[in-house]
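One structure is given below, encoded as structure tokens.
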Amino acid sequence: MRTWMYTSLIFLTAGTIAGAQTIQMNMDPAIEQLVGNWVAQNRTNPRIDGWRIQIMSGTDRQRVDAGKGQFLSQYPNVPADWVHEKPYYKLRVGAFLTRQEAMSFLLQLKYTYPDAYPTRDTNIHPRDFLE
């Protein structure tokens with residue numbers, strides 16, 4: 001059975017490579033404009049769903065800002081920023097695609113930040129994953 005599947009796959013692939021084919025799509029102009037707007041929006045404001053580690057929270061923005069400076073002095077290559085969810089300012093660090101990656105980094109932080117925990121973030125800029 002597997003031999004037949006592999007043979008079929010080889011013939012299908014060879015047929016595709018041998019003859020160049022073109023596909024023509026007829027799209028409603030309104031749909032084409034919606035897709036164009038969606039692409040433009042994502043190019044100007046790219047965001048990825050992922051995980052961060054929340055290391056601090058409080059109502060005093062200056063205290064959270066000072067915590068950010070302290071964290072960045074220890075981990076200069078890890079992105080850190082606070083978000084304001086009234087009435088709290090929350091300091092979140094790192095940028096991870098999976099919860100497992102966040103948990104791995106959390107183990108490094110637990111001694112200095114014992115109350116830290118992973119949290120979902122739907123607004124991570126792609127460059128944060130590269131830093």
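Any read-out appearing in this document is the output of simple, stated calculations on the displayed coordinates, not a laboratory observation. As the structure is a prediction and not an experimental result, all values here were calculated from the model. Virtual Cβ from ideal backbone geometry, glycine too; neighbours counted across all protein chains shown.
Side notes on the structure shown:
- Amide H to amide H distances under 5 Å link Met56 with Leu91, where only residues 5 or more positions off or on other chains count and H is placed in the peptide plane.
- Built from the Cα atoms of the range 46-131, the convex hull projects on average onto 5.2 nm², one quarter of its surface area.
- Residues whose amide H comes within less than 5 Å of that of Tyr113, counting only those at least five positions distant or on another chain, are absent (H built at 1.01 Å from N in the peptide plane).
- Take the Cα of Thr122, go 7 Å toward its beta carbon, and the backbone nitrogen atoms of the range 31-52 under 12 Å from that spot belong to 48-50.
- What the phi angles of the range 115-125 give under the Karplus curve with 6.51, -1.76 and 1.60, with θ = phi - 60°, is a coupling list of 8, 5, 8, x, 9, 5, 9, 9, 9, 9, 6 Hz, glycine and proline written as x.
- Model label points for Gln21 and Val83, set 7 angstrom from Cα along the Cα-to-Cβ axis, are 4.5 nm apart.
- Nitroxide proxy distance, nm - points 7 Å out along Cα→Cβ at Glu101 and Gln62: 3.7
- Here the Karplus relation 6.51 cos²θ - 1.76 cosθ + 1.60, evaluated at θ = phi - 60°, turns the backbone of the range 86-102 into coupling constants of 2, x, 9, 9, 10, 8, 10, 10, x, 7, 10, 6, 10, 5, 4, 4, 5 Hz, with x for every Gly and Pro.
- Asp49-Tyr111 FRET efficiency (beta carbon distance; Förster radius 30 Å; 0.05 resolution): 0.55
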